[in-house]
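Written out below as structure tokens is the structure these notes cover.
The values are calculated or read from the model by the stated rules, or taken from the named source; none is laboratory data. Because the structure is predicted, anything quoted here is derived from the model rather than measured. Neighbour counts run over all protein chains shown; Cβ positions are idealised from the backbone, glycine included.
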Amino acid sequence: MDEKIKNAKTTLKVLGILSIILGVFAFIFGAMSIGGGGLLAGQMATSGGMSSADADAAATVTGLVLIAGIVLLASGIFTLLLGIFSVRASNDFSKIGPAYVFAIIDLVVSIVGVIVNFAVSMNVSSLLGGIVGVVFAACIFWAAKTIRDNA
């Protein structure tokens, strides 16, 4: 096996396993967030001693928690699928198609996320976290593209 293909296979497998782990955690935290938002809404509905402003603020927070949970849950599912397809493709090169497609989508979403995050917050730590995400996505894309083009 060519050294380039061997490196791509190893990269795809290792990052695929990491994606599976991260996807499971994101899925769990997203589900917990959705459940927590529901509990928050239930608690808010049963407490009658709130002022109108407090009730509005609590409703807004509850909505944001639910939306964040849904986004995290969807992200976890996507990351889990990316990992599964990557590991599967590293073991059988003929199954590289879905891994390649998911890698492209992940790379584009990561780049857009960094741009939006920087435009909104201009926070250095979130920018560095986003750059790590882009590098991670770029490595998976490189490995999938290398295998697709050379295997």
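Details
- Residue that is farthest from the chain's Cα centre (by Cα) [pool: residues in the stretch 73-106 that are among the charged types (D, E, K, R) and farther than 16 Å from ALA26 by Cβ]: ASP92
- Meets criteria (of a type outside the set (Ser, Thr, Tyr), modelled with pLDDT under 80 and on the phi < 0 side of the Ramachandran plot) for GLY69: no
- The set of residues from the stretch 63-96 being without any contact (Cβ under 8 Å) to a residue 24 or more places away in the chain, under 21 Å from LYS4 (Cβ atoms) and not charged (D, E, K, R) comprises just one member, SER94.
- Scan of the stretch 103-131 for residues that are among the aliphatic types (A, V, I, L, M) and either at pLDDT below 80 or outside any helix (DSSP H, G or I) (or both), ordered by number: MET122
- Test: residue in the stretch 95-102 that is touching a Gly at 6+ places or on another chain (Cβ under 7 Å), of a type outside the set (D, E, K, R) and either at pLDDT 90 or above or farther than 19 Å from GLY23 by Cβ (or both): no
- Residues satisfying the stated conditions in the stretch 65-102, i.e. in contact with a Phe, Trp or Tyr (Cβ under 7 Å, 6 or more places away or on another chain) and within 13 Å of LYS145 (Cβ to Cβ): ALA99, PHE102
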